[in-house]
Amino acid sequence: EKVVWRKKRGTPYVPSPLLYDRSLYYFHHYQGVLSRADIETGQDDGPFRLEGIRNVYASPVGAAGRVYITDRTGKTLVMTHSSQPGVLAVNNLDDSISASPALVGKDLFLRGEDYLYCLSQGK
């Protein structure tokens, strides 16, 4: 009686879902297919195929109206957190990334297989 809605198919295998405002972002398995559900109704806005993003083990993170998705090839896709999500940028690092990004203030940390990266807006 306390369960509002549930989803049994098309859910992530490795990455955790992202709860951001009133939306729940989640992957279909660990592929580059993302869905976004309303947390009250479970109504799904997707799926959204993320071009060039595949094999996602890292959980998505969100901040400042953006969602960050990193795949195992070192690509990080930055998309808007809006009623019509869109891609803002795709950034590449020459490293394998399986760990979820960490947000600290205005810094984004990515732990690669070989290096730890800090992406910052600077001063």
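The values are calculated or read from the model by the stated rules, or taken from the named source; none is laboratory data. Since this is a predicted model, take the numbers as computed values, not measurements. Here Cβ is always computed from backbone atoms with ideal geometry, including for glycine, and neighbour counts include all displayed protein chains. Accessible surface areas use protein heavy atoms only, side chains included; no ligands, DNA or RNA. Shrake-Rupley method; radii C 1.70, N 1.55, O 1.52, S 1.80 Å.
Taken over region 29-47, the criterion of being open to solvent by less than 60 Å² (accessible area, probe 1.4 Å) and either of a type in the set (Gly, Ala, Ser) or modelled with pLDDT under 85 (or both) is satisfied by GLY32, SER35, ALA37, GLY42, GLY46.
The residue that is farthest from THR76 (Cα to Cα), counting only those in region 1-55 that are touching a residue at least 60 places away in the same chain (Cβ under 8 Å) and not small (Gly, Ala, Ser), is ASP21. Test ASP44 against the criterion of being among the acidic types (Asp, Glu) and in contact with an Asp or Glu (Cβ under 9 Å, 6 or more places away or on another chain), and give yes or no. So ASP44 fits the description; yes. Within region 48-90, being closer than 13 Å to LEU110 by Cβ, open to solvent by 40 Å² or more (accessible area, probe 1.4 Å) and either in contact with a Phe, Trp or Tyr (Cβ under 8 Å, 6 or more places away or on another chain) or in a loop (DSSP other than H, G, I, E, B) (or both) holds for TYR57, ARG72, THR73. Of all positions in region 96-115, none carries a residue that is surrounded by fewer than 14 Cβ atoms within 10 Å (Cβ to Cβ), farther than 16 Å from VAL61 by Cα, modelled with pLDDT under 95 and out of contact with any helix residue (DSSP H, G or I) (no Cβ under 7 Å at 6 or more places or on another chain).
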